[in-house]
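Visitor: This structure is in structure tokens; I'll ask about it shortly.
The values are calculated or read from the model by the stated rules, or taken from the named source; none is laboratory data. Just so you know, these numbers come straight off a predicted model, no measurement behind them. Heads up, the Cβs are rebuilt from the backbone with ideal geometry, glycines too, and the neighbour counts pull from every protein chain shown. To get the accessible areas, we keep the full protein, side chains included, count just its heavy atoms, and leave off ligands, DNA and RNA. Shrake-Rupley method; radii C 1.70, N 1.55, O 1.52, S 1.80 Å.
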Amino acid sequence: MLGIVAAVLFFFAFLINAAEISTNDVFSSTNVMLLGLLCLALQVAGVGGGWARRR
């Protein structure tokens, strides 16, 4: 799930950068890309891999 979120964040970062949209410092292209990298790192680490039901 976090891998899909990372892909969406990378897409938004690409759109912000390609269209040269002026945003504030919080939603800059670099910050959105770093959030995508954070989600991707969490996915690789095993966080959010799926719903596990323990008995």
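Visitor: Once the whole set of protein chains is in place, how much accessible area is left on residue 47, using a 1.4 Å probe, in Å² to the nearest 10?
Guide: Accessible area, nearest 10 Å²: 80 Å².
Visitor: What is the Rg over Rh value, at two decimals, for the chain, using alpha-carbon atoms and the Kirkwood definition of Rh?
Guide: Result: Rg/Rh = 1.15.
Visitor: With an 8 Å cut-off on Cα pairs and a minimum separation of 6 or more residues, tell me the relative contact order of segment 1-43 in percent.
Guide: 60 percent
Visitor: Which value at 222 nm does the chain reach when only helices count, each DSSP H run of 4 or more adding -39,500 (n - 2.57), with the total divided by all residues and rounded to the nearest 500 deg cm²/dmol?
Guide: Taken over the chain, the calculation gives -20500 deg cm²/dmol.
Visitor: Moving to a separate point now. For the chain, find the longest principal axis of its Cα atoms and tell me its angle to the long axis of helix 2-18, 0 to 90°, nearest 10.
Guide: 0 degrees
Visitor: Could you tell me the calculated FRET efficiency between residue 31 and residue 53, based on Cβ-Cβ distance and R0 = 35 angstrom, to the nearest 0.05? Spell out each step's value before the answer.
Guide: On the way: r = 36 Å, r/R0 = 1.02.
After rounding to 0.05, the efficiency reads 0.45.
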